[in-house]
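Notes follow once the structure below has been shown.
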Amino acid sequence: MFRSQRVRSVFLTGVLVISILAGAGCQKSTRSKETATSQSESKETTVTQSESSETVAASSSSESTEKQESSSEIKETTKPTSDESSEDEKLKQDALKLAEELGVKEEELHGKYDLFIKYTDCINQNTDLGFIEDYVLHLFPVLADHLKPEDESFFFSRLSNLKAVYGESATRSAGEYHIDDNMILMNELGDTTECFANYDTMYHELMHFIDHSVGTYRSHVYYTGKQFAHGEELTDQEWGGEYVSLEEHFIVEGGADYYTGKYYRKAIDGYLAASFLSGIEWVYGAETVDRLFFNSDSTMEYIRLLQDAGIPDQKIVDSIVSFNYETNNRYDAPENSVRFEDILIDLYESKKDTGWKDDKVFMQILNEIHAWTLSLAEYPFTHEELNSLLLDTQALEKKSQNVMDQIDQRTSQELIHFFKLILLDGKPYLSETLFTSDEFDRTEPTTLIVEYDFDQEKVISYKYYVPDYPKWIN
């Protein structure tokens with residue numbers, strides 16, 4: 001489904017609707033936030049099975065590097081004046097005070113104090129956010145990490161027009177984000193009570209909102225048989241010839257699950273392409289995935305990534321068609337199918353070397369994709385050795401049980417599926433969501449995160465994760 005049309009996601013529960021109001025961006029508001037509530041503190045049980053354990057972080061932001069000046073090359077630096085420092089400190093304190101009043105933790109601000117104040121002002125002025133207002137408020141960490149200064153004006157114009165209502169979904173989807181209308185739909189025919197599944201659905205759809213609100217240029221990509229180009233770049237002669245229209249859908253949906261997993265669920269689940277993006281992060285780093293998803297030209301970004309790896313144009317075309325089909329089989333089946341696993345191996349060999357079979361983390365990702373593949377399952381691999389290397393669902397469930405056997409403080413909750421890989425601050429973990437009680441309990445863990453030695457196949461430490469649920473407004 002094209003970005004200019006609506007994006008659907010299928011989940012276990014209800015559906016949310018967001019629409020556009022007429023109007024420009026937000027101006028400074030002087031009224032107080034009437035719906036401010038204090039959010040409950042995050043409750044996590046961490047058990048360390050070695051003397052040192054890593055802290056699992058909520059987001060995967062790139063580390064900043066500091067340039068050290070050579071002793072032979074002294075540069076003049078402009079130090080902030082005392083007035084500027086005082087003003088920055090006042091801005092910080094104002095933001096922290098506001099955050100405390102709204103139940104937002106300091107670590108959610110990611111140091112973007114001025115942006116947070118603008119963000120809350122805009123939310124305050126949009127009285128039509130309704131029951132998702134607190135969810136939008138706690139979406140700020142994603143915005144802080146990915147909104148570029150040049151996109152602020154467009155983003156705030158979109159935020160000022162965001163609206164959430166319950167309605168009847170045209171499909172069986174739990175949630176739908178309607179791009180042209182800037183609208184999220186929550187299905188009133190499903191479960192609309194507070195629960196982890198609805199928490200998960202809301203953030204998946206809000207990821208679509210952010211994805212389509214951080215850049216204004218969206219144009220179809222066409223393949224003429226000789227080049228990939230946007231429509232405005234094609235000549236009259238090329239328009240008169242044969243061409244293929246391309247628009248990726250798998251990054252749109254897979255990316256929404258991928259970032260919901262990193263920021264809120266703490267597990268990679270849902271669309272298969274989310275694990276594909278984990279593979280890209282493992283090979284290239286988090287910045288490459290950010291560039292693919294939070295980009296108004298994701299299709300061309302994906303094409304360039306594969307071209308730089310030396311992948312032939314026709315295989316790139318076939319991969320887009322194949323991956324869209326696997327993501328949503330309402331798309332046409334590919335004539336020449338390409339598997340996610342094959343593209344990841346091509347990228348790995350281009351960026352690193354041919355030793356992917358010995359990379360236990362990479363093999364974990366390939367196994368997950370293989371076991372989770374549906375529509376493309378009957379299509380052959382380009383790398384034929386995968387037929388004997390990859391594990392199926394039953395084997396991964398057995399492997400997950402071996403991990404669970406090393407958890408010395410178990411709860412009565414079982415894993416919903418097998419463990420999957422998640423990268424948090426660039427470090428690989430195993431994690432999976434847990435079955436929860438029929439009656440919603442805010443203190444109940446929803447995810448088990450395992451720090452794992454992939455080479456030795458040993459648990460180092462683990463954490464039962466409990467989300468900080470935003471306020472649910474019926």
Quick one: is Glu248 in a loop (DSSP other than H, G, I, E, B), surrounded by 23 or more Cβ atoms within 10 Å (Cβ to Cβ), in contact (Cβ under 8 Å) with a residue 60 or more places away in the chain and among the charged types (D, E, K, R)? yes
In contact with a helix residue (DSSP H, G or I) (Cβ under 9 Å, 6 or more places away or on another chain), surrounded by 17 or more Cβ atoms within 10 Å (Cβ to Cβ), among the aliphatic types (A, V, I, L, M) and in a loop (DSSP other than H, G, I, E, B) - does that describe any residue in region 342-357? no
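With surrounded by 22 or more Cβ atoms within 10 Å (Cβ to Cβ), in contact (Cβ under 8 Å) with a residue 60 or more places away in the chain and of a type outside the set (Asp, Glu) as the only criterion, which of Tyr223, Tyr203 stands out? Quick ask: steps written out before the conclusion?
Details: Tyr223 fails: surrounded by 22 or more Cβ atoms within 10 Å (Cβ to Cβ).
Matching residue, one of Tyr223, Tyr203: Tyr203.
What residue, of Leu423, Leu390, is aliphatic (A, V, I, L, M) and buried (at least 20 other Cβ atoms within 10 Å of the Cβ)?
Details: Leu390 fails: buried (at least 20 other Cβ atoms within 10 Å of the Cβ).
Of Leu423, Leu390, the one residue that is aliphatic (A, V, I, L, M) and buried (at least 20 other Cβ atoms within 10 Å of the Cβ) is Leu423.
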Please state which one of Asn367, Asn387 is more than 30 Å from Tyr462 (Cα to Cα), assigned to a helix (DSSP H, G or I) and either among the acidic types (Asp, Glu) or modelled with pLDDT of 95 or more (or both). Asn387
Condition check: surrounded by fewer than 20 Cβ atoms within 10 Å (Cβ to Cβ), within 22 Å of Ala274 (Cα to Cα) and in contact with a helix residue (DSSP H, G or I) (Cβ under 7 Å, 6 or more places away or on another chain). Does Ala144 satisfy that? yes
Which of the residues that make up region 241-288 are among the charged types (D, E, K, R), more than 21 Å from Phe454 (Cα to Cα) and within 11 Å of the chain's Cα centre (by Cα)? Glu253, Asp257, Arg265
Within region 396-409, track down each residue that is surrounded by fewer than 20 Cβ atoms within 10 Å (Cβ to Cβ) and without any contact (Cβ under 8 Å) to a residue 40 or more places away in the chain. Glu397, Lys398, Lys399, Ser400, Gln401, Met404, Asp405
Take the residues of region 417-443 that are touching a residue at least 40 places away in the same chain (Cβ under 8 Å) and part of a loop (DSSP other than H, G, I, E, B): which is farthest from Val361 (Cα to Cα)? Phe440
Members of region 279-323 that are in contact with a Ser or Thr (Cβ under 7 Å, 6 or more places away or on another chain), outside any helix (DSSP H, G or I) and either more than 23 Å from Phe209 (Cβ to Cβ) or hydrophobic (A, V, I, L, M, F, W, C) (or both): Ala309, Gly310
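Regarding Ser412, is this residue in contact (Cβ under 8 Å) with a residue 12 or more places away in the chain and either closer than 21 Å to Thr446 by Cα or not in a loop (DSSP other than H, G, I, E, B) (or both)?
Working: in contact (Cβ under 8 Å) with a residue 12 or more places away in the chain: no; either closer than 21 Å to Thr446 by Cα or not in a loop (DSSP other than H, G, I, E, B) (or both): yes.
Answer is no for this residue.
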Given (1) among the hydroxyl-bearing types (Ser, Thr, Tyr); (2) exposed (fewer than 12 other Cβ atoms within 10 Å of the Cβ); (3) at pLDDT 95 or above, Thr382 misses just (2)
Between a residue in region 356-367 that is farther than 14 Å from Leu423 by Cβ and any residue that is charged (D, E, K, R) and assigned to a helix (DSSP H, G or I), which pairs come within a Cβ distance under 6 Å, given they are 6 or more apart or on different chains? Leu366/Glu341
Residue hits (region 317-333; without any contact (Cβ under 8 Å) to a residue 40 or more places away in the chain and touching a helix residue (DSSP H, G or I) at 6+ places or on another chain (Cβ under 9 Å)) are Ser319, Asp332
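Which one is nearest to Asn324 (Cα to Cα) among residues in region 230-240 that are surrounded by 12 or more Cβ atoms within 10 Å (Cβ to Cβ) and over 27 Å from the mean Cα position of the chain (by Cα)? Please lay out each step first, then the result.
Within region 230-240, the first condition is being surrounded by 12 or more Cβ atoms within 10 Å (Cβ to Cβ), and the residues that meet it are 230-231, 233-234, 238.
Those still in the list that are over 27 Å from the mean Cα position of the chain (by Cα) too: 231, 233-234, 238.
Details: Gly231: 21, Glu233: 24, Leu234: 24, Glu238: 25 Å.
Here the residue is Gly231.
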Those residues of region 129-161 which are part of a loop (DSSP other than H, G, I, E, B), at pLDDT below 95 and under 20 Å from Thr201 (Cβ atoms), in sequence order: Leu129
Using the structure shown, decide if Tyr259 is closer than 17 Å to Val142 by Cα, touching a Phe, Trp or Tyr at 6+ places or on another chain (Cβ under 8 Å) and part of a helix (DSSP H, G or I). yes
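The values are calculated or read from the model by the stated rules, or taken from the named source; none is laboratory data. It should be emphasised that the depicted structure is a prediction, and the values quoted were computed from it without experimental measurement. Cβ coordinates were reconstructed from backbone atoms using ideal geometry, including for glycine residues, and neighbour counts include every protein chain displayed.
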